[in-house]
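Structure first, commentary second.
The values are calculated or read from the model by the stated rules, or taken from the named source; none is laboratory data. The model shown is predicted, which means the values in this text are computed figures rather than measured ones. Cβ placement follows ideal geometry from the backbone for every residue including glycine, while neighbour counts extend to all protein chains displayed.
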Amino acid sequence: MPHPRPSTRTPSKPKRDLAGYYVEQARYEDSERLLKETLKGRKTKLGPDHPHTIESVKQLATLYESWPKPEEAEKWRANLPETKAVEE
């Protein structure tokens, strides 16, 4: 019987969920590793301007704010595209 082809899909949601759990447990280094792996995969497969890639950058900035590492958070936030304020 032939073996199924390996998936080329990046399992980013389970990694992201686990990274969130690690933050709750103050396991920041573990969370950082998973979020960076997710970001790398998304940049490779989706490109740097894809909304999912941008979300990964936001998650890293949020991690560094929780850690707290405000200088790192600022660095990652500087990589985000600027958004225009919506007037009401």
| task | Residues being assigned to a helix (DSSP H, G or I) and either buried (at least 16 other Cβ atoms within 10 Å of the Cβ) or among the charged types (D, E, K, R) (or both): count how many of those fall in segment 21-51. | result | 21
| request: Evaluate segment 5-13: report whether one residue or more is modelled with pLDDT of 85 or more, surrounded by 13 or more Cβ atoms within 10 Å (Cβ to Cβ) and within 13 Å of the chain's Cα centre (by Cα). | output: no
| request: Give me the pairs, please: first residue somewhere in segment 50-75 and on the phi < 0 side of the Ramachandran plot, second residue anywhere and assigned to a loop (DSSP other than H, G, I, E, B) and exposed (fewer than 15 other Cβ atoms within 10 Å of the Cβ), beta-carbon distance under 8 Å, and either six or more positions apart or on two chains. | output: Thr53/Gly47; Ile54/Leu80; Ile54/Pro81; Val57/Asn79; Val57/Leu80; Lys58/Leu80; Ala61/Leu80
| request: Please find, within segment 14-36, the residue that is nearest to the chain's Cα centre (by Cα) out of those that are modelled with pLDDT of 85 or more, over 17 Å from Asn79 (Cα atoms) and of a type in the set (D, E, K, R). | output: Arg33
| request: State all residues of segment 49-64 that are of a type outside the set (A, V, I, L, M) and touching a Lys or Arg at 6+ places or on another chain (Cβ under 9 Å); if no residue qualifies, say none. | output: His50, His52, Thr53, Glu55, Ser56, Lys58, Gln59, Tyr64
